[in-house]
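Heads up: the structure comes next, in structure tokens.
Please treat every number below as a calculation from the coordinates, not as lab data. In this text the structure is predicted, and so the values were computed from the model without any measurement. Reconstructed Cβ throughout: ideal geometry from the backbone, glycine too, with neighbour counts over all protein chains shown.
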Protein chains: 2
Amino acid sequence: MHSFQELTVQFGEHFNREHFPERPKRLYESVTHILKIGGKRIRPVLSIMGNELFDNIHPDVFQVGIAVEMFHNFTLVHDDIMDKAPLRRNHPTVHTLYGESTAILAGDVMLINVYDYLNRVQPHYKQKLISAFNKAAREVCEGQQIDMDFEEMEPEQVHYNDYVNMIALKTSVLLAASLQMGAIIGGGSEYNQQHIYEFGKNIGIAFQIQDDYLDAFGDPEKFGKQQGGDILVNKKTFLLLKALEMCNPAQRTRLKELLSSNPDDKVAQVLQLFHDCKVDEWAEKEKDRFQQIAFEHLESIAVLSARKKPLMELAGYLLKREH
Amino acid sequence: MHSFQELTVQFGEHFNREHFPERPKRLYESVTHILKIGGKRIRPVLSIMGNELFDNIHPDVFQVGIAVEMFHNFTLVHDDIMDKAPLRRNHPTVHTLYGESTAILAGDVMLINVYDYLNRVQPHYKQKLISAFNKAAREVCEGQQIDMDFEEMEPEQVHYNDYVNMIALKTSVLLAASLQMGAIIGGGSEYNQQHIYEFGKNIGIAFQIQDDYLDAFGDPEKFGKQQGGDILVNKKTFLLLKALEMCNPAQRTRLKELLSSNPDDKVAQVLQLFHDCKVDEWAEKEKDRFQQIAFEHLESIAVLSARKKPLMELAGYLLKREH
């Protein structure tokens, strides 16, 4: 059994190298740019942990790890084009540096490359692996489309459950599938695969609620972002959607006024409203609720509890972060 | 053995159905739009012909056919964004109807779907099939990037051989791989696979030369396009690049003047220059040269020549078209 830190190092030894040829230069430089600016490599580590939950690490899991990390980076490149984002991890985005057309192609060639790695695993579980991966990959695209659809709607038109579903598709199913693919390689049963998948999916949702909470109420020094960044751009978040549902008519009117205006103290005023309608308390409970569901799924997995320790630790680390 | 027409019908029975769920509506409507506006389905028919060259049609080849046709349509969606093309097959392009972001996602979800179909084939050749497909898929992206790189260069900076290579990557390797994948399913040896691949690749190049020739010198009534459309937009074509190489200094000066201006009789003047430096005659010979190479590869394939008849007929049809 290995810790998150140990597995991050092990994965880095497989991942931190050239994955593409040199030419055409512009295309592959753009791919290298996104791969080199880092990230926590959580998804591949989840795959390895999913493998180690059931058996010793099999070399195939590094191929799967590279595939899921490559796929994650592909989504970043294409999402950044759609969101017109100038920065990613404090570096210029691919389309900012290389233009939109090359950024589209860079994503495409990364997505194709994903399947080079998936194609390297042993034949007896290849069909299942690609099938589990493809389900998640398609759902990530669907989540992005639903997110864009929501952007064109008024906040009160977006139902909370639909929002949870969108977040699950956009951010959690890939975490879930990363774990599941590791479990497939480790020989986990369908029953155990399902539980590890649900563990990852619910941890992902809990993480996103925490992320929204910290953006609003977190210590900007520790969190490393401007406080209330989501509020300033009227981003639909768990907090905003739930606040509109929980607040009284007068508060709702005030909140909608704030959404359609831009006073200097907008963040402070919205936070006060969030606090008044107790959406801050709700968010902590809602995060705990999803975390609890996740842990129940982890408990249901039929292996010695000692094998679950690294996953418990990782979940604890992700869900108690203050930065 | 079946003809192109028969196989087109057979393939249509597998392809002309819903490949995607209904929701998110905007995403999957955009995919359905490009799939429904047709096309000649040449690539999947090549896969079936590649199969039938060596054995009876195996059901797996329809999965491969759907995969290559889906991939081809994916490239059209993303290329049309890059080229800012308003129309495709006389219909509005996906990004024109649904916006660039959804068009990017539509392509992505189609590319993921490609591998659902490739994942359905028998395990014993799955690795080889995905590997052959991925090589071509990556090369198509590389060809598109090189094409965009060429667009930023002056015509005389683009070497003829580099242009042939770009065209081969962008348009011919997928034809070649479609045939090869069929051959893999049919049990063709590596030697035979290589020859069928080269047959497809060289037919593809010959076809592109013919396409450039017809755009300039074809009968617009039969060809269905405006005569000299490529000339009007200064498109780098086989004819233009070779003309710059073959003409004398005075002709070159005149041709470059025409490229940087827009007189009413630009098409007529450029065509006259093409004719004067005999690039029209050259194009016919060059097309024949590639066609000849293709047929030599077809002859090298170690099967009864009767089995090659549908491929000979298809090549003849593609390379003698006047429309």
Provide a whole-number value for the mean count of partner chain Cβ atoms within 10 Å of the Cβ atoms in peptide B:78-89. 2
Cβ-placed point charges (K, R +1; D, E -1), dipole of the stretch A:4-320 about Cα centre in debye, nearest 20: 700 debye
Set Lys and Arg Cβ to +1 and Asp and Glu Cβ to -1, take the dipole of the stretch B:190-237 about its Cα centre, and tell me which of B:Y197, B:L214, B:G229 lies farthest positive. B:G229
What is the helix-to-structure angle for A:266-276, meaning the angle in degrees between its Cα long axis and the longest Cα principal axis of chain A, kept from 0 to 90 and rounded to the nearest 10? 90 degrees
Below 12 Å, Cα to Cα, which aspartates and glutamates can A:K309 reach? Residues fewer than 8 away in the same chain don't count. A:E52, A:E299
Roughly how many debye, to the nearest 20, is the charge dipole of the protein assembly as shown about its Cα centre, given +1 on each Lys and Arg Cβ, -1 on each Asp and Glu Cβ, and no other charges? 940 debye
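Please order B:Y28, A:Y191 by the number of other Cβ within 10 Å, starting at the fewest. Spell out each step's value before the answer.
On the way: B:Y28 19, A:Y191 11.
Arranged by neighbour count, lowest to highest, B:Y28, A:Y191 become A:Y191, B:Y28.
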Under 16 Å from A:K235, Cα to Cα: lysines that are on another chain or at least 8 residues apart: A:K84, A:K170, A:K225, A:K256, A:K266
In Å, the C-alpha Rg and Dmax of chain B are 20.4, 62
Just checking the output field for B:120-132: average partner chain Cβ neighbours within 10 Å of each residue's Cβ? 3
Looking at B:Y125, B:I146, B:A103, which one has the Cα that reaches farthest to the positive end of the dipole of the stretch B:102-189 (charges on Cβ: Lys, Arg +1; Asp, Glu -1)? B:Y125
For chain A, Cys with no neighbouring Cys Cβ under 4.7 Å: A:C141
Angle, helix B:279-300 long axis vs. longest principal axis of chain B, Cα atoms, 0 to 90°, nearest 10? 20 degrees
In this structure, among A:K135/A:K287; A:K128/B:K308; A:K135/B:K25, pairs with alpha-carbon gaps over 29 Å are A:K128/B:K308
Over the stretch B:4-320, relative contact order from alpha-carbon pairs under 8 Å, at least 6 apart, %: 19 percent
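Stick to the Cα atoms of the protein assembly as shown, pair each with every other, and give me the Kirkwood hydrodynamic radius in Å at one decimal.
It is 27.1 Å.
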Listing A:L105, B:L319 by rising number of other beta-carbon atoms within 10 angstrom, fewest first, gives B:L319, A:L105
